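Quick notes on the structure that follows.
Nothing in this text is a laboratory measurement; each read-out follows from the coordinates by a stated rule. Predicted, not measured: the structure shown is a model, and the values here were computed from it. Reconstructed Cβ throughout: ideal geometry from the backbone, glycine too, with neighbour counts over all protein chains shown.
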Amino acid sequence: MINAPLLIASANGDALELRPTGSWTVVNAATLEQLSASIAPQLARARSVTVNMSGVRELDTLGAWLIERISRHLAGGGQRAHIVGAADDYIDLIEELRQVNRRRNPGPTERKSIADRLEMLGRAALAAILDLSVFLQMLGAICLAAVGVFRRPRSFRLTSLVYQIYRVGWQALPIVVLITFLIGAIIAQQGIFHFRKFGAEAYVVDMVGILVLRELGVLIVAIMVAGRSGSAYTAELGSMKMREEIDALSTMGLDPVDVLILPRVVALIIALPILAFVGAVAALYGGGLVAWFYGGMSPVTFIARLHEAISVTHFEVGIIKAPFMALVIGIVACSEGLRVKGSAESLGKQTTTSVVKSIFLVIVLDGLFAVFFASIGM
Amino acid sequence: MQETDTHVAIHVEDLVVGFGRHIVIDHLSLDVRRGEILGLVGASGGGKSVLMRTVIGLIERQSGKIEVMGSDIGLTPGRRTRDAAAKWGVLFQQGALFSSLTALQNVEFPLRENATLSDELMTEIANAKLEMVGLAPEDGVKFPSELSGGMTKRVALARALALDPAIVFLDEPTSGLDPIAAGDFDTLIKTLQKTLGLTVFMVTHDLASLNTVCDRVAALADGKIVTIGPMSELLRSEHPWVKAYFHGKRSLMLQPKAI
């Protein structure tokens, strides 16, 4: 390469003359860095330095900075380097760089001390309390809006409710049916496979029936709804918040809770029990099919055993939980949506938080209901 | 409009760009001279950004020739466009800073990917760029979400300049800034253009920046460059759209200087 950079140093007593040549640009960064490091010992000995730039073909910020760095290295000893023979625009650039990197860049501070950790713990606890208060506020706002609707039923947004039921109920049906069908089939298959060892295959029907109706049906459906519809609510409300649509609603004298949140939450409360019911039926159907083809139990026997094994109580225990789970999902999804700040990252973060939180709360709620039903003997 | 090759930074000839049947750029030719600041004006949705994005290879063209600093840009985005990318820096309208990196890391990113140099030197260079665009070293540790609009544009400009490109493309650099910040930004572009010897291709609606920083202004209408030249020449143009643009109510401030 003709333009390969070089740095010729010639010492004369304690005066040092440097002659950079070639192109001092970022393309040759590695060579340039070596060159400027190689003259460090001579630079340390020198009293005065002259940089003769007449041989430089090209100069960019990197090259100019390296020359400035040489000059600054020396300035530590009291004197600046003389720069001679440079073209005018190079002088401008070097002058420009004389101003920069004067202060040390504050690096990211390490946070390691015990006090810092305690502070983080405290902040996390505070955030948890804040979460609880946000949840309760949203619950309160929804209750208030519901009371308002009972007073003036005409103020309720029926069109919005129907549309939301269509979205979270009707459109969710295929996937809910498919998943619950498979879950029922898998439970039945596992039951038959293991119960067969001690000849208790017939009890598979009890297991599938009770498990699906009491626990799994509603739990699986609630988790799916949290992932599918809860996240959609958060993303929708979050993007409306980002684009100031929610502020626009408020300035028109409308309450966003009335207009946006109540219809959505009510739609979930209506749709989730229906989905849970359909899901339970699909799971039983899946279990029945597996019992027939894999376990050799005819559908007639399956239905007869199912009739003996389960009572309407099991079904009630399952379905009573559904609206409460729907309420929790709705509140979490909507309040997380409203917590979205201006940026797109915050929208993504809030949506993830919404799904994680609502699934967690749904499972906690399911546990509480299990304790409750056990103690009242249902 | 033809000029000798050594003085031309961007050469566009007979360019056609369209989406489906809708032709946005219709047999357009344009030369950007080395070391000038060229402003491009045009109606909203009239293809200014499309032209810029086609030149930098983000949009495929139907036909025509594009040369940047003497090397031909391929018809489809590929290796040749990537090689050419080292010759330009782009300032996107919203800054397009990587949100997971700090301001300093954003400026370091092109250096880290395209040049071999030590971490220490890289930080010094990136920091130098940040200071050259008028930011304090403390701003380097901030994330894009913590920066104001003007600061975002400055960091984005620093990143566009990280590799000392010969050409910078600016897409509405002053939009969304208050007149003071916009004025500062104009001055900054002019200063950097002088010290670094840049060629600047600027898409803008800001009449003040057109008037103060641009050496030449090109007007894009009906998919073609209808007028190109210094501001005074554009003000005399007889083309109806150019006339409406520069002689409308909002352009009155240009008149006393022009006449």
Legend entry - chymotrypsin sites (Phe, Trp or Tyr not before Pro) lying in DSSP loop within region A:271-307, provided at most 15 other Cβ fall within 10 Å: A:294
Inset, instruction - Provide the per-residue ³J(HN,Hα) series for region B:233-242, in order, calculated from phi with Karplus coefficients 6.51, -1.76, 1.60 and θ = phi - 60°, each as a whole number of Hz, with x at glycine and proline positions. - result: 5, 5, 5, 8, 4, 9, 4, x, 5, 4
Legend entry - Average other protein chain Cβ within 10 Å of Cβ, residues A:57-64: 5
Inset, instruction - May I ask which residue of B:126, B:174, B:223 lies farthest towards the positive end of the charge dipole of chain B, with charges of +1 (Lys, Arg) and -1 (Asp, Glu) on Cβ and the Cα centre as origin? - result: B:223
Inset, instruction - Under 1.5 on a/c is rounded, so check that first for chain B, then, if it is not, pick prolate when a/b is larger than b/c and oblate when it is not; a ≥ b ≥ c are the square roots of the alpha carbon gyration tensor eigenvalues. - result: oblate
Inset, instruction - May I ask for the angle, rounded to the nearest 10°, between helix A:312-338 and the longest principal axis of chain A, with both axes built from Cα atoms and the value confined to 0 to 90°? - result: 30 degrees
Inset, instruction - Within 10 Å, count the other beta carbons around each residue, average over each peptide in A:348-356, A:166-174, and list them highest first. - result: A:348-356, A:166-174
Legend entry - Shielding score for A:90-99, defined as the mean number of other chain Cβ atoms within 10 Å: 3
Legend entry - Angle between chain B longest axis and helix B:119-132 axis [Cα atoms, degrees, rounded to 10]: 40 degrees
Legend entry - Relative contact order (%) - criterion: Cα under 8 Å, at least six apart; region: chain B: 23 percent
Legend entry - Residues A:62, A:43, B:198 arranged by fewest to most Cβ contacts within 10 Å: A:43, B:198, A:62
Inset, instruction - Would you mind telling me which residue in B:154, B:112, B:34 has the biggest mean-square fluctuation in a Gaussian network model of chain B, where springs connect alpha carbons within a distance under 10 angstrom? - result: B:112
Inset, instruction - Pull up the cross-link candidates among the lysines for residue B:48, meaning alpha carbon to alpha carbon under 29 Å and not fewer than 8 places away within one chain. - result: B:65, B:87, B:129, B:153, B:190, B:194, B:224, B:243, B:249, B:257
Inset, instruction - Once you have a ≥ b ≥ c as the square roots of the Cα gyration tensor eigenvalues for region A:122-192, tell me rounded if a/c is under 1.5, and otherwise prolate or oblate according to whether a/b is larger than b/c. - result: oblate
Legend entry - For chain B, built as a Gaussian network whose Cα springs stay under 10 Å, the top-fluctuating residue of B:248, B:176, B:42: B:248
Inset, instruction - Search the structure for amide H atoms under 5 Å from the amide H of residue B:37, placed 1.01 Å from N in the peptide plane, and list their residues when 5 or more places away or on another chain. - result: B:200, B:215, B:216
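Please rank A:143, A:334, B:214, fewest neighbouring Cβ atoms within 10 Å first, as an exposure proxy.
A:143, B:214, A:334
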Inset, instruction - Would you calculate the volume per residue, in Å³, of the smallest convex hull containing every Cα atom of region A:124-376? - result: 159 Å³
